[in-house]
Amino acid sequence: RYDPKALGEAQGEVYAMGAFSAAQIHETVRPEARVVDIEIQVTPLDPSALRLSIGVMSGAVQRTSTSELASVPQWDVHLVASYERRHLFGSLARVRIEERPRVIYNRVFPRFAPPTFGNIVKLTLTHPGLLERRTESFFESAWDYGPEPFLQFIRSDIFFRVGSRRRFFRGTLTTTLALQQD
């Protein structure tokens with residue numbers, strides 16, 4: 001059934017695919033047939049994107065395996081270089097490679113200490129609709145090299161994760177089912 005409120009949700013879902021820069025919805029009402037024709041016109045993003053940035057992260061470390069933040073007495077100055085290739089295999093699949101070299105100070109921000117160098121390299125492959133049209137399948141891998149924030153030894157943390165992600169209730173609940181080796 002036609003529901004004008006659902007059109008905004010549909011437009012949001014199209015944007016959430018991460019492949020389009022614009023999505024316009026056009027409605028054509030045909031009262032004699034009691035039908036509303038819906039046309040969604042999309043503008044695809046460029047197939048390649050290269051991004052460079054610099055940043056400072058203080059008081060928190062982002063776990064490479066879960067992306068959760070933990071409070072730590074450590075801060076860093078980092079560069080971020082990422083390359084994303086979209087529309088792989090003639091689909092909405094995309095691959096992203098990210099490099100994050102860091103100069104790390106094992107003190108509470110903004111105190112300086114002898115710096116330690118670290119690096120994070122991350123590879124992500126996502127494919128929406130591979131298993132089911134509203135589900136995104138993914139593969140992630142990362143290598144995090146640098147000082148362990150609390151015990152101060154140099155560690156190499158490598159992880160691999162494969163799984164699927166799906167949103168429910170208009171995006172208010174996201175579920176992820178994955179297998180991970182860390």
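A few notes on this one:
- Filter result for residue 94 (in contact (Cβ under 8 Å) with a residue 12 or more places away in the chain, part of a strand (DSSP E or B) and at negative phi): yes
- Qualifying position, being closer than 30 Å to residue 109 by Cβ and surrounded by 15 or more Cβ atoms within 10 Å (Cβ to Cβ), among 56, 77, 95: 77
- Filter pass, residue 169 being closer than 27 Å to residue 81 by Cα and open to solvent by 90 Å² or more (accessible area, probe 1.4 Å): no
- Taking the criterion of being open to solvent by 40 Å² or more (accessible area, probe 1.4 Å), in a loop (DSSP other than H, G, I, E, B) and within 30 Å of residue 13 (Cα to Cα), the residues of region 98-132 that qualify are 130, 131, 132.
- Meets criteria (open to solvent by 30 Å² or more (accessible area, probe 1.4 Å), of a type in the set (Asp, Glu) and without any contact (Cβ under 8 Å) to a residue 24 or more places away in the chain) for residue 148: yes
- Check on residue 82, open to solvent by less than 50 Å² (accessible area, probe 1.4 Å) and hydroxyl-bearing (Ser, Thr, Tyr): yes
- Of 2, 15, all but one fail to be outside any strand (DSSP E or B) and closer than 30 Å to residue 85 by Cβ; the exception is 15.
The values are calculated or read from the model by the stated rules, or taken from the named source; none is laboratory data. Note that the coordinates shown come from a computational prediction; the quantities given were computed from them, not determined experimentally. Positions of Cβ are generated from backbone atoms using ideal geometry, with glycine treated the same way; all protein chains shown enter the neighbour counts. The accessibility values were calculated without ligands, DNA or RNA, using every heavy atom of the protein model including side chains. Shrake-Rupley method; radii C 1.70, N 1.55, O 1.52, S 1.80 Å.
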